[in-house]
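Before any comments, here is the structure.
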Amino acid sequence: MQITDRKRVFNGHYKIDELAVRAPNGQAFTREQFIFGNAVAALVFDTARQLYVLTRQFRYGPEQEVLEIAAGMIDPGEGPDATVRREIHEELGYEVDALTPIATVFSTPGASTETIALYYAEVSRQTGPGGGMAGENETIEIVTMDWDALVAEPFQDAKTLVAVQWARLRR
């Protein structure tokens, strides 16, 4: 496939480009590409309490609350490690003791440019309230789970499923 042209067709909170594409057989067609930026997410384990710490918040895609690992967008000029530490503090109130990269994945490669850098984070000190940033219109509930509850939970969020499966393979 060869992208022969690109045109921005929507420039709001998210952006959408229309791509002109030429297939190897010469056929020309268009596709939309959603420009989201890049994100981080972390499966957080409180080593002092021996509990996993997750978030529950309203998500606009499914239009419902979703139980998931802490996550957020990488700000310009900020690296993924710094972002994940910031997001864990904003959403859960914890300082990170140890950070282990899991993988960087495409969230929806058929239509989106977004990647998510996944991590496993160990924490032991809750120094803030968590719950998200009021200025970002976030209302985040902090949810704790032991190992048995974590692996029994029927998560619907893909990044959370990947991180939990990673943890299962290493236990």
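If you place +1 on the Cβ of every Lys and Arg and -1 on the Cβ of every Asp and Glu, how big does the dipole about the Cα centre of the chain come out, in debye to the nearest 20?
Numbers: 16 positive and 25 negative charges, 133 e Å.
Dipole about the Cα centre, nearest 20: 640 debye.
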Review point. Which of 161, 150, 19 moves the most in a Gaussian network model of the chain with Cα springs under 10 Å?
Key: 19
Review point. What residue among 83, 55, 127 shows peak mean-square fluctuation when the chain is described by a Gaussian network model with Cα springs under 10 Å?
Key: 127
Check your understanding: Which is the longest stretch in the chain that no exposed loop site breaks, taking sites as GluC sites (Glu not before Pro) with a DSSP loop state and at most 15 other Cβ atoms within 10 Å?
Key -> 1-62
Study note, to complete from the structure: With Rg from the Cα atoms and Rh as the Kirkwood inverse mean 1/r over Cα pairs, the chain has an Rg/Rh of 1.04
**Study point:** Dipole-positive endmost among 92, 160, 62 within region 37-170 (Cβ charges, Cα centre)
**Key:** 160
Check your understanding: Anyone know which of 21, 123, 96 comes out most mobile in the 10 Å Cα GNM of the chain?
Key -> 21
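Values in this text are rule-based calculations from the coordinates and carry no lab data. From a predicted model like this one, the values you see are computed outputs, not experimental measurements. Note: ideal-geometry Cβ built from the backbone for every residue, glycine included; neighbour counts use all protein chains shown.
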